[in-house]
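Below is one structure, written out as C-alpha coordinates; comments come after it.
The values are calculated or read from the model by the stated rules, or taken from the named source; none is laboratory data. Predicted model, so just to flag it, every value in this text is computed and none were measured. Cβ sites come from the backbone with ideal geometry, for glycine too, and all protein chains shown count toward neighbours. Please note that ligands, DNA and RNA were not included when accessible areas were found on the heavy atoms of the full protein model with its side chains. Shrake-Rupley method; radii C 1.70, N 1.55, O 1.52, S 1.80 Å.
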Number of protein chains: 2
Amino acid sequence: MKWDELKTEPCSVARTLSVIGEKWTILILRECFRKNTRFDGFEAALGLPRAVLSARLKTLQEDGVLEKKINPEHAGRFDYILTKKGRDLRPVLLTMLAWGDQYMMDKPTMIVKHTLCGCDIVPELYCPKCQNKLEAEETRVVEVTQSSPL
Amino acid sequence: MKWDELKTEPCSVARTLSVIGEKWTILILRECFRKNTRFDGFEAALGLPRAVLSARLKTLQEDGVLEKKINPEHAGRFDYILTKKGRDLRPVLLTMLAWGDQYMMDKPTMIVKHTLCGCDIVPELYCPKCQNKLEAEETRVVEVTQSSPL
DNA sequence: ATATTTAAGTTCAAAAAATGAACTTGTCAA
DNA sequence: TTGACAAGTTCATTTTTTGAACTTAAATAT
(Lines give C-alpha, C1' and ligand atoms only; values in the text may rest on other atoms or scores of the structure.)
Protein backbone atom coordinates (compact mmCIF):
# COMPACT_ATOMS: atom_id res chain seq x y z
CA MET A 1 0.00 0.00 0.00
CA LYS A 2 1.07 3.58 -0.67
CA TRP A 3 0.49 6.22 2.00
CA ASP A 4 -1.79 8.23 -0.28
CA GLU A 5 -4.00 5.21 -0.88
CA LEU A 6 -5.06 5.05 2.79
CA LYS A 7 -8.48 6.45 1.93
CA THR A 8 -9.42 3.36 -0.09
CA GLU A 9 -7.99 0.70 2.23
CA PRO A 10 -10.46 -1.88 3.52
CA CYS A 11 -9.75 -0.84 7.10
CA SER A 12 -11.48 1.82 9.17
CA VAL A 13 -8.31 2.65 11.09
CA ALA A 14 -6.42 3.25 7.86
CA ARG A 15 -9.22 5.40 6.45
CA THR A 16 -9.35 7.44 9.63
CA LEU A 17 -5.63 8.00 9.31
CA SER A 18 -6.20 9.30 5.79
CA VAL A 19 -8.03 12.19 7.49
CA ILE A 20 -6.09 12.74 10.74
CA GLY A 21 -2.81 10.93 10.12
CA GLU A 22 -0.71 13.72 8.61
CA LYS A 23 1.84 15.58 10.67
CA TRP A 24 0.27 18.39 12.79
CA THR A 25 -3.35 17.47 11.94
CA ILE A 26 -4.38 16.12 15.34
CA LEU A 27 -2.80 19.10 17.08
CA ILE A 28 -4.77 21.45 14.83
CA LEU A 29 -7.91 19.58 15.83
CA ARG A 30 -6.90 19.83 19.50
CA GLU A 31 -6.84 23.60 19.09
CA CYS A 32 -10.27 23.52 17.45
CA PHE A 33 -11.66 21.61 20.44
CA ARG A 34 -10.12 24.30 22.64
CA LYS A 35 -12.03 26.92 20.63
CA ASN A 36 -8.85 28.25 19.13
CA THR A 37 -10.37 28.70 15.70
CA ARG A 38 -8.21 31.13 13.73
CA PHE A 39 -5.26 30.78 11.38
CA ASP A 40 -2.89 32.87 13.47
CA GLY A 41 -4.20 31.19 16.61
CA PHE A 42 -3.15 27.81 15.26
CA GLU A 43 0.20 29.25 14.27
CA ALA A 44 0.78 30.82 17.67
CA ALA A 45 -0.25 27.70 19.59
CA LEU A 46 1.62 25.18 17.47
CA GLY A 47 4.48 27.01 15.75
CA LEU A 48 4.10 25.09 12.52
CA PRO A 49 4.93 26.59 9.12
CA ARG A 50 2.09 28.57 7.58
CA ALA A 51 2.29 26.60 4.35
CA VAL A 52 1.70 23.33 6.19
CA LEU A 53 -1.11 24.85 8.26
CA SER A 54 -2.75 26.13 5.11
CA ALA A 55 -2.53 22.72 3.44
CA ARG A 56 -3.93 20.92 6.49
CA LEU A 57 -6.85 23.29 6.88
CA LYS A 58 -7.68 22.77 3.22
CA THR A 59 -7.76 18.96 3.43
CA LEU A 60 -9.66 19.03 6.73
CA GLN A 61 -12.34 21.08 4.96
CA GLU A 62 -12.33 18.75 1.97
CA ASP A 63 -12.77 15.83 4.35
CA GLY A 64 -15.72 17.55 6.01
CA VAL A 65 -14.08 17.85 9.42
CA LEU A 66 -13.78 21.63 9.52
CA GLU A 67 -15.84 24.46 8.08
CA LYS A 68 -14.36 27.85 7.26
CA LYS A 69 -16.63 30.68 8.29
CA ILE A 70 -16.26 34.42 7.94
CA ASN A 71 -15.94 35.98 11.36
CA PRO A 72 -19.28 37.72 11.98
CA GLU A 73 -17.82 40.95 13.43
CA HIS A 74 -14.78 41.07 11.19
CA ALA A 75 -14.87 40.21 7.47
CA GLY A 76 -11.43 39.15 6.26
CA ARG A 77 -11.00 37.12 9.41
CA PHE A 78 -12.04 33.49 9.47
CA ASP A 79 -13.03 30.83 11.95
CA TYR A 80 -12.36 27.17 11.39
CA ILE A 81 -15.19 25.35 13.09
CA LEU A 82 -15.53 21.63 13.74
CA THR A 83 -18.44 19.97 11.94
CA LYS A 84 -20.42 17.11 13.53
CA LYS A 85 -18.01 14.73 11.79
CA GLY A 86 -15.14 16.68 13.32
CA ARG A 87 -16.65 16.87 16.82
CA ASP A 88 -17.11 13.12 16.68
CA LEU A 89 -13.33 12.77 16.64
CA ARG A 90 -13.35 13.85 20.28
CA PRO A 91 -13.22 10.26 21.62
CA VAL A 92 -10.03 9.73 19.61
CA LEU A 93 -8.40 12.73 21.24
CA LEU A 94 -9.80 11.83 24.67
CA THR A 95 -8.37 8.31 24.55
CA MET A 96 -5.03 9.78 23.51
CA LEU A 97 -5.32 12.25 26.37
CA ALA A 98 -6.04 9.45 28.83
CA TRP A 99 -3.12 7.34 27.61
CA GLY A 100 -0.72 10.28 27.64
CA ASP A 101 -1.91 11.26 31.10
CA GLN A 102 -1.19 7.78 32.38
CA TYR A 103 2.10 7.07 30.64
CA MET A 104 3.72 10.32 29.58
CA MET A 105 3.05 12.73 32.46
CA ASP A 106 4.71 12.90 35.86
CA LYS A 107 1.29 13.18 37.41
CA PRO A 108 -2.21 13.20 35.90
CA THR A 109 -3.08 16.54 34.36
CA MET A 110 -6.68 16.17 33.39
CA ILE A 111 -10.11 15.43 34.72
CA VAL A 112 -12.91 14.90 32.23
CA LYS A 113 -16.32 15.98 33.47
CA HIS A 114 -19.65 14.85 32.13
CA THR A 115 -21.57 18.08 31.61
CA LEU A 116 -24.96 16.37 32.01
CA CYS A 117 -24.43 14.78 35.40
CA GLY A 118 -21.20 16.43 36.56
CA CYS A 119 -19.34 13.25 37.34
CA ASP A 120 -15.74 12.53 36.50
CA ILE A 121 -15.18 10.41 33.44
CA VAL A 122 -12.34 8.05 32.83
CA PRO A 123 -12.05 8.17 29.04
CA GLU A 124 -11.99 4.41 28.75
CA LEU A 125 -14.29 2.00 27.01
CA TYR A 126 -17.04 0.37 29.03
CA CYS A 127 -19.15 -2.65 28.28
CA PRO A 128 -22.75 -1.49 27.78
CA LYS A 129 -24.07 -4.79 29.17
CA CYS A 130 -21.98 -5.69 32.20
CA GLN A 131 -20.68 -2.13 32.75
CA ASN A 132 -17.15 -3.28 33.36
CA LYS A 133 -14.27 -1.23 32.10
CA LEU A 134 -12.78 -2.98 29.13
CA GLU A 135 -9.22 -4.09 29.63
CA ALA A 136 -7.00 -4.29 26.58
CA GLU A 137 -7.38 -8.06 26.38
CA GLU A 138 -11.12 -8.20 26.78
CA THR A 139 -12.26 -7.03 23.40
CA ARG A 140 -12.22 -8.83 20.12
CA VAL A 141 -13.02 -7.27 16.79
CA VAL A 142 -15.13 -9.45 14.56
CA GLU A 143 -14.99 -9.00 10.85
CA VAL A 144 -18.30 -8.33 9.14
CA THR A 145 -17.04 -7.49 5.66
CA GLN A 146 -13.79 -7.98 3.80
CA SER A 147 -11.93 -5.79 6.28
CA SER A 148 -9.30 -7.36 8.56
CA PRO A 149 -10.07 -7.57 12.27
CA LEU A 150 -8.15 -5.65 14.88
CA MET B 1 6.95 24.38 19.38
CA LYS B 2 9.11 22.14 17.21
CA TRP B 3 7.75 18.73 16.21
CA ASP B 4 10.59 16.94 17.99
CA GLU B 5 9.78 18.72 21.25
CA LEU B 6 6.36 17.06 21.51
CA LYS B 7 7.61 14.78 24.27
CA THR B 8 8.08 17.68 26.67
CA GLU B 9 4.91 19.62 25.86
CA PRO B 10 2.55 20.23 28.79
CA CYS B 11 -0.22 18.34 26.99
CA SER B 12 -1.05 14.66 27.13
CA VAL B 13 -2.30 14.59 23.56
CA ALA B 14 0.96 16.09 22.30
CA ARG B 15 3.02 13.65 24.35
CA THR B 16 1.00 10.73 23.06
CA LEU B 17 1.67 11.97 19.53
CA SER B 18 5.38 11.96 20.33
CA VAL B 19 5.00 8.17 20.55
CA ILE B 20 2.39 7.34 17.91
CA GLY B 21 2.31 10.46 15.74
CA GLU B 22 4.94 9.58 13.14
CA LYS B 23 3.95 8.36 9.70
CA TRP B 24 3.16 4.60 9.65
CA THR B 25 3.41 4.14 13.43
CA ILE B 26 -0.29 3.57 14.15
CA LEU B 27 -0.54 1.11 11.25
CA ILE B 28 2.42 -0.83 12.64
CA LEU B 29 0.59 -0.97 15.97
CA ARG B 30 -2.58 -2.12 14.18
CA GLU B 31 -0.61 -5.06 12.81
CA CYS B 32 0.72 -5.83 16.30
CA PHE B 33 -2.85 -5.94 17.63
CA ARG B 34 -3.64 -8.32 14.77
CA LYS B 35 -0.79 -10.55 15.98
CA ASN B 36 1.26 -9.77 12.94
CA THR B 37 4.51 -9.50 14.88
CA ARG B 38 7.41 -9.87 12.47
CA PHE B 39 9.51 -7.47 10.41
CA ASP B 40 8.59 -8.96 7.06
CA GLY B 41 4.99 -9.32 8.19
CA PHE B 42 4.80 -5.57 8.76
CA GLU B 43 6.44 -4.98 5.42
CA ALA B 44 4.05 -7.29 3.58
CA ALA B 45 0.95 -5.85 5.27
CA LEU B 46 1.87 -2.18 4.95
CA GLY B 47 4.31 -1.87 2.05
CA LEU B 48 6.38 0.77 3.78
CA PRO B 49 10.14 1.16 3.20
CA ARG B 50 12.28 -1.12 5.35
CA ALA B 51 14.36 1.79 6.58
CA VAL B 52 11.29 3.55 7.93
CA LEU B 53 9.97 0.35 9.48
CA SER B 54 13.31 -0.24 11.16
CA ALA B 55 13.37 3.30 12.55
CA ARG B 56 9.78 3.09 13.83
CA LEU B 57 10.33 -0.27 15.54
CA LYS B 58 13.39 1.17 17.25
CA THR B 59 11.56 4.20 18.67
CA LEU B 60 8.53 2.11 19.67
CA GLN B 61 10.89 -0.05 21.71
CA GLU B 62 12.61 2.98 23.22
CA ASP B 63 9.20 4.33 24.17
CA GLY B 64 8.31 1.05 25.86
CA VAL B 65 5.40 0.23 23.54
CA LEU B 66 6.95 -2.81 21.86
CA GLU B 67 9.37 -5.49 23.00
CA LYS B 68 11.63 -7.34 20.58
CA LYS B 69 11.82 -11.03 21.40
CA ILE B 70 13.74 -13.84 19.79
CA ASN B 71 11.32 -16.27 18.22
CA PRO B 72 11.38 -19.35 20.51
CA GLU B 73 11.49 -21.97 17.75
CA HIS B 74 13.65 -19.99 15.37
CA ALA B 75 16.70 -17.94 16.45
CA GLY B 76 17.44 -15.16 13.99
CA ARG B 77 13.74 -14.44 13.72
CA PHE B 78 12.13 -11.86 15.96
CA ASP B 79 8.71 -10.99 17.31
CA TYR B 80 7.69 -7.48 18.14
CA ILE B 81 5.24 -7.79 21.02
CA LEU B 82 3.06 -5.11 22.55
CA THR B 83 3.85 -4.30 26.17
CA LYS B 84 1.12 -3.38 28.67
CA LYS B 85 1.79 0.24 27.74
CA GLY B 86 1.34 -0.72 24.10
CA ARG B 87 -1.80 -2.80 24.65
CA ASP B 88 -3.28 0.17 26.49
CA LEU B 89 -3.24 2.06 23.19
CA ARG B 90 -6.07 -0.18 22.04
CA PRO B 91 -8.82 2.33 22.96
CA VAL B 92 -7.11 4.88 20.71
CA LEU B 93 -7.26 2.48 17.76
CA LEU B 94 -10.79 1.36 18.62
CA THR B 95 -12.11 4.92 18.68
CA MET B 96 -10.41 5.50 15.33
CA LEU B 97 -11.98 2.27 14.08
CA ALA B 98 -15.42 3.38 15.23
CA TRP B 99 -15.09 6.80 13.63
CA GLY B 100 -13.78 5.38 10.38
CA ASP B 101 -16.54 2.79 10.34
CA GLN B 102 -19.13 5.51 10.70
CA TYR B 103 -17.75 8.14 8.37
CA MET B 104 -15.34 6.52 5.93
CA MET B 105 -16.94 3.19 5.03
CA ASP B 106 -19.87 2.49 2.73
CA LYS B 107 -21.28 0.21 5.38
CA PRO B 108 -20.05 -0.73 8.86
CA THR B 109 -17.25 -3.27 8.74
CA MET B 110 -16.69 -4.13 12.35
CA ILE B 111 -18.35 -5.49 15.42
CA VAL B 112 -16.43 -5.31 18.67
CA LYS B 113 -17.24 -8.10 21.10
CA HIS B 114 -16.65 -8.09 24.83
CA THR B 115 -14.90 -11.39 25.48
CA LEU B 116 -16.12 -11.55 29.10
CA CYS B 117 -19.86 -11.26 28.45
CA GLY B 118 -20.04 -11.71 24.68
CA CYS B 119 -22.02 -8.59 23.97
CA ASP B 120 -21.40 -6.13 21.16
CA ILE B 121 -19.51 -3.02 22.12
CA VAL B 122 -19.87 0.37 20.56
CA PRO B 123 -16.39 1.81 21.06
CA GLU B 124 -17.72 5.04 22.44
CA LEU B 125 -17.27 6.70 25.79
CA TYR B 126 -19.93 6.14 28.42
CA CYS B 127 -20.59 8.01 31.60
CA PRO B 128 -19.85 5.68 34.56
CA LYS B 129 -22.56 7.37 36.65
CA CYS B 130 -25.58 7.91 34.43
CA GLN B 131 -24.54 5.29 31.84
CA ASN B 132 -25.39 7.54 28.93
CA LYS B 133 -23.25 7.52 25.86
CA LEU B 134 -21.23 10.69 25.78
CA GLU B 135 -21.97 12.94 22.87
CA ALA B 136 -19.22 15.17 21.63
CA GLU B 137 -20.62 18.21 23.39
CA GLU B 138 -21.23 16.58 26.74
CA THR B 139 -17.71 16.36 28.07
CA ARG B 140 -15.55 19.09 29.42
CA VAL B 141 -11.89 18.68 30.27
CA VAL B 142 -10.91 20.40 33.47
CA GLU B 143 -7.35 21.47 33.98
CA VAL B 144 -5.67 20.14 37.10
CA THR B 145 -2.10 21.24 36.43
CA GLN B 146 -0.43 23.70 34.06
CA SER B 147 -1.71 21.78 31.05
CA SER B 148 -4.29 23.36 28.77
CA PRO B 149 -7.80 21.86 28.71
CA LEU B 150 -9.28 20.15 25.70
C1' DA C 1 29.59 -30.15 3.87
C1' DT C 2 28.17 -26.76 0.67
C1' DA C 3 24.78 -24.06 -1.72
C1' DT C 4 20.37 -21.74 -1.55
C1' DT C 5 16.82 -19.54 0.54
C1' DT C 6 14.72 -16.67 3.98
C1' DA C 7 14.49 -13.11 7.62
C1' DA C 8 16.03 -8.96 9.19
C1' DG C 9 18.08 -5.60 8.59
C1' DT C 10 21.59 -1.35 6.44
C1' DT C 11 23.05 1.84 2.84
C1' DC C 12 22.44 5.28 -0.44
C1' DA C 13 20.70 8.17 -4.24
C1' DA C 14 16.38 10.33 -5.76
C1' DA C 15 11.86 12.21 -4.69
C1' DA C 16 8.68 14.29 -1.64
C1' DA C 17 7.50 16.93 2.29
C1' DA C 18 8.52 20.21 5.92
C1' DT C 19 10.71 24.37 7.27
C1' DG C 20 11.50 29.40 7.69
C1' DA C 21 11.76 33.69 5.76
C1' DA C 22 10.09 37.04 2.68
C1' DC C 23 6.41 38.65 -0.04
C1' DT C 24 1.17 39.61 -1.10
C1' DT C 25 -3.50 41.00 -0.46
C1' DG C 26 -7.47 42.63 1.89
C1' DT C 27 -9.55 44.74 6.29
C1' DC C 28 -9.85 47.66 9.88
C1' DA C 29 -8.48 51.51 12.94
C1' DA C 30 -6.23 55.99 13.78
C1' DT D 1 -4.52 57.64 3.87
C1' DT D 2 -1.31 55.51 6.48
C1' DG D 3 -0.13 51.80 9.34
C1' DA D 4 -0.99 47.53 11.41
C1' DC D 5 -2.82 43.02 11.30
C1' DA D 6 -4.83 38.66 9.59
C1' DA D 7 -4.54 35.26 6.32
C1' DG D 8 -2.48 33.55 3.31
C1' DT D 9 1.33 32.33 -0.96
C1' DT D 10 5.98 31.69 -2.75
C1' DC D 11 10.35 29.80 -2.78
C1' DA D 12 15.04 28.24 -1.52
C1' DT D 13 16.96 25.09 1.97
C1' DT D 14 16.74 21.15 4.98
C1' DT D 15 14.78 16.95 6.48
C1' DT D 16 12.27 12.88 5.75
C1' DT D 17 10.57 9.29 2.91
C1' DT D 18 11.05 6.22 -0.71
C1' DG D 19 12.74 2.25 -3.38
C1' DA D 20 16.31 -0.46 -4.83
C1' DA D 21 20.47 -2.81 -3.95
C1' DC D 22 23.49 -4.72 -0.67
C1' DT D 23 24.73 -7.36 3.91
C1' DT D 24 24.62 -10.73 7.47
C1' DA D 25 23.09 -14.71 9.87
C1' DA D 26 20.36 -18.74 10.43
C1' DA D 27 17.66 -22.54 8.43
C1' DT D 28 16.92 -25.68 4.69
C1' DA D 29 17.93 -28.37 0.58
C1' DT D 30 21.34 -30.89 -2.24
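From the list B:20, B:28, the lone residue that is under 22 Å from residue A:106 (Cα atoms), open to solvent by less than 10 Å² (accessible area, probe 1.4 Å) and in contact (Cβ under 8 Å) with a residue 12 or more places away in the chain is B:20. Within segment B:44-87, being among the acidic types (Asp, Glu) and in contact with a helix residue (DSSP H, G or I) (Cβ under 6 Å, 6 or more places away or on another chain) holds for one residue alone: B:63. Can you find a residue that is surrounded by fewer than 21 Cβ atoms within 10 Å (Cβ to Cβ) and either among the aromatic types (Phe, Trp, Tyr) or within 13 Å of DNA strand C (Cβ to nearest atom) (or both) anywhere in segment A:78-93? Yes, there is a match, as at least one residue in segment A:78-93 is surrounded by fewer than 21 Cβ atoms within 10 Å (Cβ to Cβ) and either among the aromatic types (Phe, Trp, Tyr) or within 13 Å of DNA strand C (Cβ to nearest atom) (or both). Residues in segment B:67-77 include none that are within 13 Å of chain A (Cβ to nearest Cβ), within 14 Å of DNA strand C (Cβ to nearest atom) and of a type in the set (Val, Ile, Thr). Filtering B:15, B:56 for residues that are facing chain A (nearest Cβ under 9 Å) and either polar (S, T, N, Q) or in a helix (DSSP H, G or I) (or both) leaves a single hit, B:15.
Checking A:82, A:97, A:93, A:48 one by one, the residue that is within 16 Å of DNA strand D (Cβ to nearest atom) and under 14 Å from the mean Cα position of the chain (by Cα) is A:82 and no other. Can you name the residue in segment B:47-66 that is open to solvent by less than 60 Å² (accessible area, probe 1.4 Å) and among the aliphatic types (A, V, I, L, M) and, of all such residues, is farthest from DNA strand C (Cβ to nearest atom)? This residue is B:65. A single member of A:4, A:88, A:63 is of a type in the set (Asp, Glu) and within 21 Å of residue B:91 (Cα to Cα), and it is A:88. The set of residues in segment A:21-46 that are more than 13 Å from DNA strand C (Cβ to nearest atom), within 8 Å of chain B (Cβ to nearest Cβ) and part of a helix (DSSP H, G or I) comprises A:30, A:33.
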